[in-house]
Every structure is written in C-alpha cells, then in structure tokens.
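Remarks on the structure that follows.
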Amino acid sequence: MLEPEGRKVVVLSPDEERQLREKVRRELEQAESEESRQKQLQEQEEKQKQLEADRQQIVLEEQEKFYKERGLQKYLNHYGKVEWLTPEQIEARRKKTVRRKKSRSKHSRRHSSRKRRVLDTILLGLVVLVGLAVTLYLTRSFQPHSDSHGSIWVCSDVKGAAIYIDGELSGSVTDGVIGKVKEGQYTVSVTKPGYSPSPRHIQVKVVRRETVKLEFRLKKVD
C-alpha cells in the first residue's frame with residue numbers, strides 16, 4: 001500500500017510494541033481489579049442492609065409475640081404510634097373517641113346556631129371575617145405547642161424493605177411507622193435485595209401530630 005506523499009511511516013520496534021502491549025494489559029487488569037473491588041463493596045453493603053432489616057424484623061416479631069402472649073392487641077393511636085393494650089383498654093379508647101366526636105358535633109351545632117342569629121343582624125361579609133378570625137384564634141390557642149413531631153407510615157406490596165430517611169437507615173422495615181419525626185421536608189426511600197422500588201424515593205412534608213402514609217411498589221429484579 002502506498003502512503004500519502006510527505007507522510008512518514010512510523011513503525012514500532014519490537015521492544016516498543018511489547019512495552020505498549022504490557023502497559024495496555026496492566027491498565028486493563030487494574031480496571032478489572034477496581035471493578036471487582038467495587039462489586040465486593042456493594043455486595044457487602046447490600047448484605048449489611050439485609051442483616052439490619054432481618055434484625056429489625058426479628059425484633060418486631062418477638063415484640064408482637066411477647067405482647068400477644070400476654071393478651072395484648074396492637075393499637076394505632078391518634079399520634080400514629082403503635083401501642084399494645086388489653087381489649088378493655090382498646091374499647092375504652094374507642095368509646096372516648098366517640099364521645100369526643102359527639103361533643104365536637106354538639107359544639108359545632110351550637111356554634112352554627114349562634115352564627116345564624118348573628119347573620120340576621122350583621123352584614124354577611126363582616127360575619128365571615130369575624131368567624132374566620134375567631135376560628136384561627138381558637139385553633140392556635142388550643143393546639144399543644146410542646147409536640148412538634150409527626151410520623152411517617154411506610155408501606156410496600158412486598159414486606160420487609162428497609163426504610164431510609166434522607167439517605168440514612170431508619171432501623172424500620174415496611175410496613176412500619178416511624179414516629180417522633182420533627183416537622184419538615186424529608187426524602188423517603190426503601191430497598192430490598194433483589195427488588196427495584198417504584199418510585200425510587202418520595203418527598204414528604206411532616207406535620208406535627210399527623211401521620212403521613214407512603215406506598216412503594218417493589219418489582220422483582222432478574
């Protein structure tokens with residue numbers, strides 16, 4: 001084959017060719033070794049996550065077994081926290097809740113009646129403004145300011161997935177309630193070996209004394 005005019009043909013010497021091949025081989029071996037090391041680290045991390053999830057699951061199972069042996073039942077209170085109570089205690093809580101709702105309903109009817117009487121004598125716009133102001137004042141007055149925590153209830157169609165809050169392991173698995181979470185914005189995600197979560201993470205806003213429920217779907221990875 002004829003080379004273009006003016007172009008010099010550079011031919012590697014046997015030693016140069018050998019050195020080049022050895023260099024390429026070393027670089028490939030180093031890349032392979034690094035990839036293997038990263039894979040081992042990832043497997044160790046996944047194994048540790050699974051161990052933590054298994055430990056948490058065992059703790060939850062033993063707690064449930066312990067309390068059930070004593071005739072207690074699981075009860076989710078209005079703070080979103082799980083309590084173990086006797087059937088009598090649960091029934092008393094439910095009756096108390098019913099009475100509270102009835103009391104609020106009765107109070108609401110009385111308030112509505114007073115509001116209708118006021119509407120007969122004052123302009124509608126003024127009554128609405130006053131009513132909103134009073135309602136806001138009462139709401140702020142009777143809210144407990146000491147409790148600035150809420151909770152997150154994380155569920156998945158495949159149970160036992162480790163729950164992460166802002167990238168940190170929470171110590172709980174699905175389906176699980178994470179209590180005493182300070183008000184604010186959080187990123188929640190779940191992981192389970194052999195599964196891919198959907199969505200990968202959820203942005204959630206925690207409000208005090210409220211429970212936010214999140215749901216994930218886990219797809220088996222071949």
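Any read-out appearing in this document is the output of simple, stated calculations on the displayed coordinates, not a laboratory observation. Remember, predicted model here, so these are calculated numbers, not experimental data. Using ideal geometry, Cβ is built from the backbone for each residue, glycine included, and neighbour counts are taken over all protein chains shown.
Assorted remarks:
- Region 155-172 - phi-based ³J(HN,Hα) in whole Hz, Karplus 6.51/-1.76/1.60, Gly and Pro as x: 10, 8, 5, 10, 6, x, 7, 5, 9, 10, 10, 6, x, 10, 5, 7, x, 10
- Estimated from the Cβ-Cβ distance and a Förster radius of 22 angstrom, the FRET efficiency linking L51 and K81 is about 0.25.
- Euclidean distance of C-alpha centroids, region 178-222 and region 35-74, integer Å: 17
- The number of Lys pairs in region 9-95 with C-alpha atoms less than 29 Å apart, excluding pairs fewer than 8 positions apart on the same chain, is 15.
- Debye equation applied to the C-alpha atoms of region 149-220, log10 I(q)/I(0) at 0.16 Å⁻¹: -0.47
- The chain: angle of helix 14-69 to the longest principal axis, Cα-based, in degrees nearest 10: 20
- Stokes-Einstein D (µm²/s) once Rh is taken as the Kirkwood radius of the chain over alpha-carbon pairs, at 25 °C in 0.890 mPa s: 102
- Between the amide H of G160 and those of T174, D175, distances stay under 5 Å, these residues lying 5 or more places away or on another chain, with hydrogens modeled in the peptide plane.
- Counting Cα-Cα pairs of region 11-60 in 5 Å increments starting at 0 gives whole-percent bin shares of 4, 18, 11, 12, 9, 8, 9, 6, 7, 5, 4, 3, 2, 1, 0.
- Annotation: lysines with alpha-carbon distance below 17 angstrom to K220 (same-chain offsets under eight excluded): K159, K192.
- Residue (of S196, S170, L72) at the positive-pole extreme of the chain, dipole from beta-carbon charges: L72
- Largest GNM mean-square fluctuation across K65, K81, K182, computed for the chain with C-alpha springs under 10 Å, falls on K65.
- Subtracting the Cα-Cα distance of R94 and E69 from 0.36 nm times their residue separation leaves 6.7 nm of extension gain.
- With 0.36 nm allotted per residue and the present C-alpha distance subtracted, the D157-R26 stretch has 42.4 nm of extension available.
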